[in-house]
1. Quick check on my filter: what residues within the range 1-41 are of a type in the set (Asp, Glu) and closer than 14 Å to Pro62 by Cα?
2. With the requirement that a residue be closer than 27 Å to Arg80 by Cα and in contact (Cβ under 8 Å) with a residue 12 or more places away in the chain, what does the range 20-36 give you?
3. Pairs under 8 Å by beta carbon, first residue at negative phi in the range 64-92, partner modelled with pLDDT of 90 or more and open to solvent by 100 Å² or more (accessible area, probe 1.4 Å), six or more apart or different chains?
4. Filter the range 49-66 down to the residues that are assigned to a helix (DSSP H, G or I) and surrounded by 13 or more Cβ atoms within 10 Å (Cβ to Cβ) and list them by number.
5. Looking at Arg16, Arg81, Arg71, can you tell me which residue is modelled with pLDDT under 85, loosely packed, with under 15 Cβ neighbours inside 10 Å and part of a helix (DSSP H, G or I)?
6. So which residues in the range 20-37 are surrounded by fewer than 14 Cβ atoms within 10 Å (Cβ to Cβ) and on the phi < 0 side of the Ramachandran plot, if there are any at all?
7. Of all residues in the range 40-63, which are of a type in the set (A, V, I, L, M, F, W, C) and either modelled with pLDDT of 90 or more or in contact with a Leu (Cβ under 8 Å, 6 or more places away or on another chain) (or both)?
Amino acid sequence: MARNRHSNKDIEKAIRYAERAGWRVEVGGSHAWGKIFCPYNDTDCRCGEFCITSIWSTPKNPGNFARKILRVVDNCTTRRRRAASYDEPKSE
């Protein structure tokens, strides 16, 4: 089932980026448009501090908020560690 789109195009683009990275999007909530959830959510993932991020309906500065979403996804410690392990040369 398709989810509702965010009304701001920059934030919607950031949400799609998170979805491509494996983050789960849940629309709805009390004061938020929805939330994104880290696909790894393991014990090494910064104590779970950034494993869930709220997506606001009408942030004060939508462009900055969209960049914040991108930073949260890009700075996921488990994702970085896995990407680094693929980049390391194999010793023979």
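The values are calculated or read from the model by the stated rules, or taken from the named source; none is laboratory data. The shown structure was predicted, so the numbers you read here are calculated from the model rather than taken from an experiment. Here the Cβ positions follow ideal geometry from the backbone for every residue, glycine too, while neighbour counts run over all protein chains shown. Calculation scope for accessible area: heavy atoms of the full protein, side chains included, ligands and nucleic acids excluded. Shrake-Rupley method; radii C 1.70, N 1.55, O 1.52, S 1.80 Å.
1. Going residue by residue through the range 1-41, those that are of a type in the set (Asp, Glu) are 10, 12, 19, 26.
Those that are of a type in the set (Asp, Glu) and closer than 14 Å to Pro62 by Cα: Asp10, Glu12.
2. Within the range 20-36, the first condition is being closer than 27 Å to Arg80 by Cα, and the residues that meet it are 20-27, 34-36.
If the condition is that a residue be closer than 27 Å to Arg80 by Cα and in contact (Cβ under 8 Å) with a residue 12 or more places away in the chain, then Ala21, Gly22, Trp23, Arg24, Val25, Val27, Gly34, Lys35, Ile36 are the ones that fit.
3. The qualifying pairs are Phe65/Trp56; Ala66/Lys13.
4. Taking the range 49-66 and keeping what is assigned to a helix (DSSP H, G or I), we get 62-66.
Correct list: Pro62, Phe65, Ala66.
5. Selected residue: Arg81, the only one of Arg16, Arg81, Arg71 that is modelled with pLDDT under 85, loosely packed, with under 15 Cβ neighbours inside 10 Å and part of a helix (DSSP H, G or I).
6. Let us first name the residues in the range 20-37 that are surrounded by fewer than 14 Cβ atoms within 10 Å (Cβ to Cβ), namely 20, 22, 24, 26, 28-31.
Within the range 20-37, Arg20, Arg24, Glu26, Ser30, His31 qualify.
7. Applying the first criterion (of a type in the set (A, V, I, L, M, F, W, C)) to the range 40-63 yields 45, 47, 50-52, 55-56.
Once the filter is applied, which keeps residues that are of a type in the set (A, V, I, L, M, F, W, C) and either modelled with pLDDT of 90 or more or in contact with a Leu (Cβ under 8 Å, 6 or more places away or on another chain) (or both), the range 40-63 yields Ile55, Trp56.
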